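Below: one structure, written as structure tokens.
The values are calculated or read from the model by the stated rules, or taken from the named source; none is laboratory data. Model, not experiment: these values are computed from the prediction. All Cβ positions, even for glycine, are placed from backbone atoms using ideal geometry, and neighbour counts span all protein chains on display.
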Amino acid sequence: MDFELSNDQKMLVETAQTFVKKESPIGRARKLREDETGWDRAAWKKMGDLGWMSLPFPESVGGFGGTFAEVLLIVDQLGTALVPEPFVESVLLAGIAILRTGTAEQQERLLGPMIAGDTSLALAALERGSRYDVTCVDTRAEQRGAGWALTGEKYFVLNGHAADHLVVSARTSGEPGERAGLSLFAVAKGASGVHTQRVQTMDGRHAAIVKLDGATAELLGSAGTAADVLDEVMDLGAAAACAEGAGIMRTVLWMTVEYLRTREQFGVKIGTFQALQHRAVDMFIETELAKSTSILASIKTTAPADERAYEISKAKAQLTASGHFVVREGTQLHGGIGVTDEHDLGLYFKRMQALGALFGDEDFHLQRFSSMPQFTAL
Amino acid sequence: MDFELSNDQKMLVETAQTFVKKESPIGRARKLREDETGWDRAAWKKMGDLGWMSLPFPESVGGFGGTFAEVLLIVDQLGTALVPEPFVESVLLAGIAILRTGTAEQQERLLGPMIAGDTSLALAALERGSRYDVTCVDTRAEQRGAGWALTGEKYFVLNGHAADHLVVSARTSGEPGERAGLSLFAVAKGASGVHTQRVQTMDGRHAAIVKLDGATAELLGSAGTAADVLDEVMDLGAAAACAEGAGIMRTVLWMTVEYLRTREQFGVKIGTFQALQHRAVDMFIETELAKSTSILASIKTTAPADERAYEISKAKAQLTASGHFVVREGTQLHGGIGVTDEHDLGLYFKRMQALGALFGDEDFHLQRFSSMPQFTAL
Amino acid sequence: MDMSFSPEHLAFREEVRAWIAQALPEDLATIAKVDGHFEHTDVMRWHKLLAAKGWVAPQWPQAVGGPGWDATQRFIFSQELELSGTPMLSPFGLMMVGPLIIQFGSPAQKARFLPKIFAGEEVWCQGYSEPNAGSDLASLQMRADDDGQGNFVVNGQKTWTTYAQYADWIFTLVRTDTTSKKQQGISFLLIDMKTPGIEVRPFLTTGGTPAFCETWFENVVVPKENLVGPLHGGWTLAKALLGHERTLIAAVGQSSRVLRRVKKIALETTASGKRLLDDPAIRLRIAKMEVKLRSIEMANFRALAGAQLGHAPGPESSILKIRGSEVIQQMFELAMDVMGPASLTWFNEPGVVPADQEFVGSTFNYIRASTIYGGSNEIQRNVIAKMILGLPSK
Amino acid sequence: MDMSFSPEHLAFREEVRAWIAQALPEDLATIAKVDGHFEHTDVMRWHKLLAAKGWVAPQWPQAVGGPGWDATQRFIFSQELELSGTPMLSPFGLMMVGPLIIQFGSPAQKARFLPKIFAGEEVWCQGYSEPNAGSDLASLQMRADDDGQGNFVVNGQKTWTTYAQYADWIFTLVRTDTTSKKQQGISFLLIDMKTPGIEVRPFLTTGGTPAFCETWFENVVVPKENLVGPLHGGWTLAKALLGHERTLIAAVGQSSRVLRRVKKIALETTASGKRLLDDPAIRLRIAKMEVKLRSIEMANFRALAGAQLGHAPGPESSILKIRGSEVIQQMFELAMDVMGPASLTWFNEPGVVPADQEFVGSTFNYIRASTIYGGSNEIQRNVIAKMILGLPSK
């Protein structure tokens, strides 16, 4: 048993900390809320130069050959300043989906420029009414000559407004709810039949509602077998939420502690009030517990599918409960200032709310793992 | 809208307070834990003399013609000292069941002596595996000459070890889970075919597992139609739990506040510690909220069946959540002394646990009312 | 004990309902239907309609325009307004400074201010908190110095001056004596917002709406006739205000609306093709919130019934602010969870989510303030610990 | 980062499992299977079996009998014991006074006491708390006065002296200097329970078991050689004790057992003819507890991995006692709820409820103490607020 970081991993973390401090303090996320894209191509390129997007990909496609664990170490640090670039969307969601399904040529063509920080990607897996169920897909794919045409609507596609390529799930057969018949397609930005509506999300970022009206698409991998890959990338998204959430909680905890240490009322520092002290301690406890299960999620990203699902569901349930607790208590302990848009706390609060609602909320994950055979294997 | 007590009701409350103070302070409940019956026939007789058992019954059977609300006012007061006599069991459970179903002769014969405090009653409605579902009855009734013979087992029959008559639910037709075919029977103490095993319960009281092996019984009312009455008396039991729980919470709250006011550690009264103050305030809040819904339950005891069920379920869910919170926090704030058998707090803690587990726990009631049509009538 | 309203009260409720249904302008009704955001002008339009009907100040004495209702009528009225989703009126004139002027003001002050508050011709805001005097209000530092010519000269800063950008007047707590102990040198002063030297800067809440302002005062000259109550006696007025209409702060009506909305969303939303309301986890969470709401509602009823009989508010009423504000937050947390990923919509074009879900996210954020404003729940707990439970201070 | 055990550690786990399976006497195994209550004699039988194997004092240095395990082995061993439900050994000798004697004792004290603790030939109890010195331990008043003849004369009262009725020795904190400041006049003294003047009165816990005692000391003569560490230096020893084996106090193994039991009960119990585990509300509650347990287990792993590398316990370990004790309570609350009305059974004949449900109620009651003993969770929170979060004191 070993929870120490390797020297390479430590260096990675330090690089990310430096990046956050020098290139992307929280003020950047605040400012980019007003931006139409919501993130910055120059920063994205810099992240590419740092090699971050290459981490989990094999050398054959220009990757570094590392593991998801390294990616998540970065994600944790990015969480501390809410770095808004589409790192998780491009690397862990669409990127891994392409890696798992695409031909060598597709991998090279679609992943290469993303790894370099020249393009970004998005995964369009969910639809209105599918909530968190990746099998609940109504979008249909039909062969049209050598290519495919997609018809349907994808909902709240993270980074869908800016991505150079979308990875879209669609049915080549079967009915919503069935695992068989799900396929993945690459759809280029501005391809014919694609109508992208930008939507603003609470956390100051953007997503898209993507209407597909016979949209030109290329099949990734073989038709009808994408369910397992969709499960995997959704689990990776959940693990990333755990990592980013851990970074957020740590930040909010210490921001709150600092406030308690300095804010005076009734002639004393409010941090002397025992009731507030105990609540800060509970924030600390939840932060530590969520950090612990975020490590769990990170380790289990490469476990066999059933173990991965079982353990990541537990971690995401913990993250959601702990994360909401920490940012809500943090707000209350800040008093009035915490509900002003001017204070950074609200940015973390909102991002945490988003992380809770993405990749399966607490109920979803509790129901998922408690319905698996492991739950009753006594 | 009026939540004032009438003068008669006020007098009733005062009488009950005096009774508790003079005749039955908490020490009596403590002492009677060691008793085989768990309660005292002389005290029971005194309660009869005070007219309490007569309250909800019509004058035709020697009753006072009052309402359930008066009964519950008494129950609340009895809760403050955990008076162990089988008041709810005899009056609201078995008593009302007999009143609703029995012939005039049966009512007079079975209720009269109970009202006078000479006999006690018990309701045997549940079985192993029925949990809180009164329709889940396996016990069978067969006609035998002019009478009936019952075969089956009744589980955790409150006061079943001491009651002079049991009111037993059994099937004259149908299968477990069906509402039709349920009938009620009176079974005399020591009747042939009745085997009573006394069981001790956590709250220092006793119940019985009653094995019926062709036990001699008399039918109450007409066969097969008892489901509605069983619903009603279970709701009355739940309302009584709300009332008794309110009395318990009030007692534990002020016992805890008194401890905080007087106990010294670190050279000061521990009630000066803000963290403990705030927790005591939350105990106070829960006590007040549960008291409020206990009034609700009391008022709704006479409402139409669906409204009664809907509202009493809400009250019992609140009682269970609030009650557990109050006694558990009370224990924690007492520190070590609260987990000793010598301290009275534990007696209240245990009785509250029992009230939570009887007449439907929180989950049962949440599920019940949220499955009713009212829940989605927007 | 009886929970039913008398026939007279039931008839009153019908009257109120019918009037609201016909009086609320169609464009406001459209917003109300989806719990949308009302602009200041919307609020004042509704204020004036209520004023014209004579229903705008239920808690005022009849002599100054109140309708002469009993406690139950006031409760019914307030609940009907909340349930129908009409614009929430600005409380600063009607509920706060108005009653204080009625109780402590001079005849001239009453004549000058009350009719315009009633008619909605002058809008008020509140100047209590300062950057270093939030929970610890008695630490306030804004000064009002006697200029010897019949005026105070006011210097300092107020914050959380809600909707000061729309206000004609502000009522303030100011320090008139800097030598005496904290509470004792404070006075209650009315200030015309058009006076030179006042600067207002609105700022956004986390809900994305401009509800709060900072307000600066630099050598603002205020005639002494604007002092309400005795000089240095402002703390008494501030405390008196806290006692007003405690039974109306549980937000039961608002919470009921949100609960109904949550159920509606859960009925309309599907997950894996099934209605979300049929998901047992969701249903139980909604049920649990209904239980909590019902318990506050009952506590509110009890307080109200006591008020109806002329009793002073009992201890049960003191819990209403704490639990009411917590429950409304939890209701919005639940609403967010029920919406799922769509809950993240943020001021988008219509159609991204159903219209009645559009503003849930904004209010979910803003409502975090409910446990902070009006005396934070921590302060409320301190007060209950001391005043009701009798727990000792150090 | 790696959560798996090394092959050596896995082999060790197998060895431990196999040994427990064959070494635990059959009658004890029967009790273990249903989480029944072990009598003192049962505990000591098991102690002696472990001692004979050389495994009774994993945390002791090899020189005094420890097995020389690393942190992971100690963790595995402790977890296997908890999971198998073997009698929990009395910690007072092995885990508390033993390590203190090892660290602070004289060679003579080591030779005198350690072998008998190890062998289970002398049973210890703890004399710290007094009726007016619970959370505030430094207020203790039991006096040890120098009689000028090489002895202390001890007078006073200790309480919560767990299982003192079975103890041969008690280790105490006593006041040897009444003039200096609270913590400074305290000494650490070992007292033979057979000394005249000691009276022990066991009392029941709310769980119905005689776990605690009050112990009175009247002119009890204790030779000075029984003083451990410096005179008036007892507080240092008391603090040192708190640092021992923090990673083992999360009760993860015990909570895991209860969770497994809860699932088993939910599988066996029917409601309206259906398995309770298929009731979505019950299943979700169990799932939620599994999540909580897993998070503590992970925090425990982290602390352990740090210890394995020789790191001082990090902040993550300080939370283990708080959350571990809360979670074990919640586990038993859940177990009670899953049992339903049958959970109210209380020391009845076999057969009233299934054997493995018989003692749930007793432990549910007793376990309320877990958030109180060993430094209440309130004290723990005070400590974390100050030591880790750096929050100011008044």
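Points to keep in mind about this one:
- Condition check for C:Pro341: free of Cβ contacts under 8 Å to residues at least 60 places away in the same chain and more than 9 Å from chain B (Cβ to nearest Cβ): yes
- Checked against (1) within 22 Å of A:His343 (Cβ to Cβ); (2) touching an Asp or Glu at 6+ places or on another chain (Cβ under 8 Å), A:Asp40 passes all but condition (1).
- For the range C:293-310, the set of residues classified as in a helix (DSSP H, G or I), within 8 Å of chain B (Cβ to nearest Cβ) and under 15 Å from C:Asp2 (Cα atoms) consists of C:Met298, C:Ala299, C:Phe301, C:Arg302, C:Leu304, C:Ala305, C:Gly306, C:Gln308, listed by residue number.
- Residue count, the range D:344-394 (criterion: of a type in the set (A, V, I, L, M), within 14 Å of chain A (Cβ to nearest Cβ) and surrounded by fewer than 19 Cβ atoms within 10 Å (Cβ to Cβ)): 4
- Residue in the range D:185-193 that is within 27 Å of the chain's Cα centre (by Cα) and more than 15 Å from D:Ala144 (Cβ to Cβ) present: yes
- Any hit, the range C:307-323, residues being at pLDDT 95 or above and of a type in the set (Asp, Glu): no
- Test: residue in the range C:167-184 that is among the small types (Gly, Ala, Ser) and within 14 Å of chain A (Cβ to nearest Cβ): no
- Just so you know, in the range A:251-272 the residues that are polar (S, T, N, Q) and more than 7 Å from every other protein chain (Cβ to nearest Cβ) include one that is nearest to D:Gln380 (Cα to Cα), and it is A:Thr256.
- Whichever residue in the range B:97-118 is in a helix (DSSP H, G or I) and closer than 11 Å to B:Leu184 by Cβ and, among such residues, is nearest to the chain's Cα centre (by Cα): B:Ala97
- Residue in the range C:185-196 that is buried (at least 19 other Cβ atoms within 10 Å of the Cβ), in contact (Cβ under 8 Å) with a residue 12 or more places away in the chain and over 27 Å from C:Lys116 (Cβ atoms) present: yes
- Qualifying strands (runs of 3 or more DSSP E) (wholly inside the range D:104-212; at least 1 residues being small (Gly, Ala, Ser)): D:124-127, D:143-146, D:151-159, D:186-192
- Residue match in the range D:208-225 (condition: on the phi > 0 side of the Ramachandran plot and touching a helix residue (DSSP H, G or I) at 6+ places or on another chain (Cβ under 9 Å)): yes
- Summed over the range C:200-226, residues that are aromatic (Phe, Trp, Tyr) and within 14 Å of another protein chain (Cβ to nearest Cβ) total 2.
- Hits in the range B:145-175 - residues which are of a type in the set (Lys, Arg) and over 19 Å from B:Lys189 (Cα atoms): B:Arg171
- When the strands (runs of 3 or more DSSP E) confined to the range A:122-209 are screened for residues that are under 22 Å from A:Phe364 (Cβ atoms) and more than 9 Å from chain C (Cβ to nearest Cβ), those reaching at least 1 such residues are found at A:147-158, A:165-171, A:182-188.
- Pairing residues of the range C:134-154 that are more than 14 Å from chain A (Cβ to nearest Cβ) with residues that are among the basic types (Lys, Arg) and surrounded by fewer than 17 Cβ atoms within 10 Å (Cβ to Cβ), at Cβ distances under 9 Å and at least 6 apart in sequence or on separate chains, gives C:Asp146/C:Lys224; C:Gly150/C:Lys224; C:Asn151/C:Lys224; C:Phe152/C:Lys224.
- Some residue of the range B:98-108 being over 30 Å from B:Glu23 (Cα atoms), surrounded by 24 or more Cβ atoms within 10 Å (Cβ to Cβ) and not charged (D, E, K, R): no
- With respect to the conditions (1) within 19 Å of B:Thr37 (Cα to Cα); (2) not in a loop (DSSP other than H, G, I, E, B), B:Leu212 falls short on a single one, namely (1).
- Meets criteria (over 22 Å from A:Ser120 (Cα atoms), in contact (Cβ under 8 Å) with a residue 12 or more places away in the chain and not in a helix (DSSP H, G or I)) for A:Ala217: no
- For B:Asn159: the one exception among (1) crowded, with 24+ Cβ neighbours inside 10 Å; (2) touching a Leu at 6+ places or on another chain (Cβ under 7 Å): (2)
- A:Leu219 satisfies every condition listed in (1) more than 14 Å from chain C (Cβ to nearest Cβ); (2) on the phi > 0 side of the Ramachandran plot; (3) hydrophobic (A, V, I, L, M, F, W, C) except (2).
- Counted as qualifying within the range D:1-70 are the helices (runs of 4 or more DSSP H) with 3 or more residues that are within 14 Å of chain A (Cβ to nearest Cβ), namely D:7-23.
- Test: residue in the range D:83-103 that is surrounded by fewer than 18 Cβ atoms within 10 Å (Cβ to Cβ), outside the structural domain of D:Ala299 (by TED's automatic domain parsing) and farther than 26 Å from D:Tyr128 by Cα: yes
- Evaluation of D:Gly120 against (1) within 24 Å of D:Asn382 (Cβ to Cβ); (2) in contact with a Lys or Arg (Cβ under 6 Å, 6 or more places away or on another chain) (one fails), failing number: (1)
- Scope the range C:190-207; condition touching a helix residue (DSSP H, G or I) at 6+ places or on another chain (Cβ under 6 Å) and within 19 Å of C:Glu225 (Cβ to Cβ); matching residues: C:Leu190
- Any hit, the range A:98-108, residues being out of contact with any His (no Cβ under 6 Å at 6 or more places or on another chain) and within 14 Å of another protein chain (Cβ to nearest Cβ): no
- Condition met for D:Ala240 (small (Gly, Ala, Ser), touching a residue at least 40 places away in the same chain (Cβ under 8 Å) and not in a loop (DSSP other than H, G, I, E, B)): yes
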